[in-house]
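The structure appears below as structure tokens.
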Protein chains: 2
Amino acid sequence: MDANKVAEQTERPPLDRNLQAPAFLAKSLSDENRLRILLCVRNRKKSVSGIVEELHLSQPLVSHHLKELRRALLVEVERNGPFVFYKLADGRVIEILRKLHELAQDLVTHRTGF
Amino acid sequence: MDANKVAEQTERPPLDRNLQAPAFLAKSLSDENRLRILLCVRNRKKSVSGIVEELHLSQPLVSHHLKELRRALLVEVERNGPFVFYKLADGRVIEILRKLHELAQDLVTHRTGF
DNA sequence: TCAGCGTATAAACGATTATTTATATTTAAG
DNA sequence: CTTAAATATAAATAATCGTTTATACGCTGA
């Protein structure tokens, strides 16, 4: 690993610019039903009706949330006959959700670890 | 590093339960002004008026967002005379923001890395 | 106690959003 | 071409949210 790679690991990206992008992604993750959908399609692609049955949500609601997740580029679409399959676009979303979950736990137990 | 620590790193927490907690945290991170405030108080504690001047936001708006961030346990409060100081409660929030920022960049450049 | 500063709250408003109900679009089969 | 199934869209509604304006609260010094 060269010096550039090392610098990439330790260097803190700006993050003061482009707050719009992380805020937008966070908004996509701010709804419990959308998170359920993301977890539902994280391993294998699922049809809309499959998601509907698995999560016990109405079909228009699932379609609406999928549209939102597609807008955020968090899911990818694939048509097959009359079915439309959705799958997670990037596994790092799940990692971020884990970190959010872990952080929430620690915050409530007041072990802020800071 | 002992076996427990290793297990902690690789073990996948449930995450299918308690989706409410990460969704709630994500909602706190879904507003650009709140993110600016979080970054503003990430290193040293800041008074409300300090934040107001630094971010060029109205005082009631800053107070409102601080109340929201307090509800999410993301900031801690400390009174000193007539001043009220706020500071970031847990540095991992910044890490999560970085990951969101990085993910957003990669998603738009279509290098999903998945 | 009064005045002034820092902060919090209330009320009001517009905008966005999650959800439901109803309808349209698309696809494949007969 | 017609029909049925899968999915998407539209319209409508209720709820939430971000912001502004105005006002109240709390602390400190005179």
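Around residue B:47, which amide H atoms from residues at least 5 apart in sequence, or from another chain, sit under 5 Å from its own amide H, with H modelled in the peptide plane?
Excluding prolines and chain starts, which carry no amide H, the hits are B:86.
What is the distance in Å between the Cα centres of segment A:45-114 and segment B:14-81?
Cα centroid to Cα centroid, the span is 25 Å.
Pairs of alpha-carbon atoms within less than 8 angstrom and 6+ residues apart define the contacts here; what relative contact order does segment A:31-89 have, in percent?
Over segment A:31-89, the number comes to 41 percent.
Report the A-B buried area as the accessible area lost on both sides summed, probe 1.4 Å, in Å² to the nearest 100.
Buried: approximately 4500 Å² between B and A.
Would you kindly derive the ³J(HN,Hα) couplings of segment B:70-82 from the backbone phi angles with the Karplus curve 6.51 cos²θ - 1.76 cosθ + 1.60 (θ = phi - 60°), listing them in order in whole Hz, with x for Gly and Pro?
6, 4, 8, 6, 8, 10, 10, 10, 8, 8, 8, x, x
Given R₀ = 35 Å, what would the calculated FRET efficiency be for residue A:53 paired with residue B:78, taking r from the Cβ atoms and rounding to 0.05?
For R0 = 35 Å, the calculated efficiency reads 0.10.
Leaving ligands and nucleic acids out of the surface, order B:57, B:29 by accessible area at 1.4 Å, largest first.
Output order, biggest surface exposure first: B:57, B:29.
What does the C-alpha gyration tensor say about the overall shape of segment A:31-89? Classify as rounded when a/c is under 1.5, otherwise prolate if a/b is larger than b/c, or oblate.
Here segment A:31-89 falls in the rounded category.
Placing the label point 7 Å from Cα along the Cα-to-Cβ direction, what are the distances from residue A:110 to the equivalent spots in the other copies, shortest first, in nm to one decimal?
5.2
Find every distance from the label point of residue A:44 to the corresponding label point in the other copies (7 Å from Cα along Cα→Cβ) and write them in nm, one decimal, shortest first.
List, nearest first: 5.7 nm.
Taking a point 7 Å out from Cα toward Cβ as the label site, list the nm distances between residue A:83 and the same residue in every other copy, smallest first.
Once sorted, the set of distances for residue A:83 reads 6.3 nm.
The values are calculated or read from the model by the stated rules, or taken from the named source; none is laboratory data. Bear in mind the structure is a predicted one, so any value in this text is a computation, not a measurement. Positions of Cβ are generated from backbone atoms using ideal geometry, with glycine treated the same way; all protein chains shown enter the neighbour counts. These area figures cover heavy atoms from the full protein model, side chains too; ligands, DNA and RNA do not enter into them. Shrake-Rupley method; radii C 1.70, N 1.55, O 1.52, S 1.80 Å.
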